[in-house]
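All remarks here apply to the structure that follows.
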């Protein structure tokens, strides 16, 4: 994973709060993730962008280079100069917009000194019946902040601190109409171009290369973590089974995160009483699998060997004590018998 992938991954974790709904089967989506920090923060630049088609990374851009870079072979070999120019100009425009919006939000929150982060996700989904849905959301410091409503041309504030920015942006009706035009016209048109370039690749389904369960002991409880690695598309179902019955979703924490190579990884954790770990099973379903995969936590052979050695030593020690006690008792019995004979002989 490159130096820029680590901060990008961190911000993508924060973007769980502003992520769009999961894409439905046989629909297609195009979305961009924008992220940045007001001051140097874990190597994150002022602006970084990642573009995805159907959850697959195809382009990246950052404020320092001011260049768009196609990230997949199918688009590098098939993209026209017009598409390349369109992407470059579009992302430079998003760079400027992001910076202006970032400082506006910071000023409206009276934030000027500490480092803060802004995350934006915008894009569109084209469904099987050709209907479209657009989304445009802002997250500030990892929390929901503002969401654009294209039907009403206004913004929905997630909390009181977003109200000032909401009112300021709603005054600008031209911006609102431009946002709606992008979500309802430009974005679906661009998505169709990209689908024509990479439809065969985008239809590929790569199942998880590995599903495993790890064990983390804390005081009287144990955290079990299930990992599903290197799969495509992003759509995956992960669940915990206890004694073959699914656990309530509220008891389970699931994260789906991108890898640096365009594939995804899934993480799922559950807290269980110590000693009951082997009653829990991780079950994974993915479009690339013919049937679900399962995994359980198994104690490591070295741990089992140590336990066996300790048990064996304990048993040997107990046997030794019993043998020693038996010899002592036997000697006492012999001594008492000899003393009895001696006294009897003296009495004669």
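So, in the range 61-90, how many residues would count as being surrounded by 18 or more Cβ atoms within 10 Å (Cβ to Cβ) and free of Cβ contacts under 8 Å to residues at least 40 places away in the same chain?
5
Out of everything in the range 44-64 that is farther than 18 Å from residue 97 by Cβ and out of contact with any helix residue (DSSP H, G or I) (no Cβ under 7 Å at 6 or more places or on another chain), what residue ends up being modelled with the highest pLDDT?
Looking at the filtered set, the residue picked out is 52.
Which ones in the range 108-123 are touching a helix residue (DSSP H, G or I) at 6+ places or on another chain (Cβ under 9 Å), more than 22 Å from residue 32 (Cα to Cα) and surrounded by 13 or more Cβ atoms within 10 Å (Cβ to Cβ)?
108, 109, 111
Of the residues that make up the range 148-160, is at least one out of contact with any strand residue (DSSP E or B) (no Cβ under 7 Å at 6 or more places or on another chain) and surrounded by 13 or more Cβ atoms within 10 Å (Cβ to Cβ)?
yes
So if I check each of 143, 190, which one is crowded, with 20+ Cβ neighbours inside 10 Å and under 24 Å from residue 52 (Cβ atoms)?
190
When residues of the range 246-261 are filtered for being loosely packed, with under 15 Cβ neighbours inside 10 Å, in a strand (DSSP E or B) and touching a helix residue (DSSP H, G or I) at 6+ places or on another chain (Cβ under 8 Å), how many remain?
Residues that pass the stated criteria total 2.
Of the residues 329, 305, 339, which single one is within 27 Å of residue 219 (Cα to Cα) and at pLDDT below 80?
Answer to the selection: 305.
The values are calculated or read from the model by the stated rules, or taken from the named source; none is laboratory data. All values derive from a computational prediction rather than experimental measurement. Methodologically, a virtual Cβ is constructed for each residue, glycine included, from the backbone with ideal geometry; neighbour enumeration extends over all protein chains shown.
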